[in-house]
Amino acid sequence: MSLERDVALATEHPRGTELKRLGPYRDALRAPAAYAALPEADRDAIVRWVEVRRQVKERSGLDHDDANLADPLVPLARLRAHVVDGERIAAGLAAVADPGGDVVAVVASIRARGAG
């Protein structure tokens with residue numbers, strides 16, 4: 001599925017799409033070390049979803065609603081920070097800076113700098 005198609009679907013059905021995309025990774029999203037232990041292909045699926053969410057928020061402003069205590073969307077900032085920290089751990093780096101923007105590019109940069 002193309003990124004544009006994913007963005008359109010996520011804009012139309014954000015909560016259900018996120019549950020479908022991230023549901024299999026529930027345990028890995030509880031701790032960055034658990035995320036880091038995932039195979040790279042699984043981490044790629046999560047990274048792609050974070051980029052979809054970033055674009056949805058950038059285009060429509062849609063994100064987790066703090067006023068709705070039952071909102072299943074993970075706040076984008078928290079999800080992104082979790083992925084960046086997990087990638088830092090997977091790469092064996094002591095620290096990384098997140099410059100913002102395209103999270104796929106940020107993750108590629110972390111992986112290129114790391115040991116694995």
Notebook entry, point to check: So which of VAL50, VAL56, VAL74 is open to solvent by less than 70 Å² (accessible area, probe 1.4 Å), closer than 17 Å to THR17 by Cα and modelled with pLDDT under 95?
Noted result: VAL74
Note to self: Consider the stretch 77-93. How many of its residues are in a loop (DSSP other than H, G, I, E, B) and open to solvent by 40 Å² or more (accessible area, probe 1.4 Å)?
What the structure shows: 1
Margin query: Suppose the filter is outside any helix (DSSP H, G or I) and in contact with a helix residue (DSSP H, G or I) (Cβ under 6 Å, 6 or more places away or on another chain); does ASP71 pass it?
Written below: no
Next item on the list: Go through (1) more than 22 Å from ALA105 (Cβ to Cβ); (2) touching a helix residue (DSSP H, G or I) at 6+ places or on another chain (Cβ under 6 Å) one by one and return the number of the condition ASP85 breaks.
Entry: (1)
Next item on the list: Just need a number here: residues in the stretch 50-68 that are free of Cβ contacts under 8 Å to residues at least 40 places away in the same chain, in a helix (DSSP H, G or I) and in contact with a helix residue (DSSP H, G or I) (Cβ under 9 Å, 6 or more places away or on another chain).
Entry: 1
Next item on the list: Could you tell me whether ALA41 is under 17 Å from ILE110 (Cβ atoms), over 13 Å from the mean Cα position of the chain (by Cα) and assigned to a helix (DSSP H, G or I)?
Entry: yes
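The values are calculated or read from the model by the stated rules, or taken from the named source; none is laboratory data. What you see is a predicted model, and the numbers here were worked out from it, not measured in a lab. So basically every Cβ, Gly included, is an ideal-geometry build from the backbone, and we count neighbours across all protein chains shown. Accessible surface areas use protein heavy atoms only, side chains included; no ligands, DNA or RNA. Shrake-Rupley method; radii C 1.70, N 1.55, O 1.52, S 1.80 Å.
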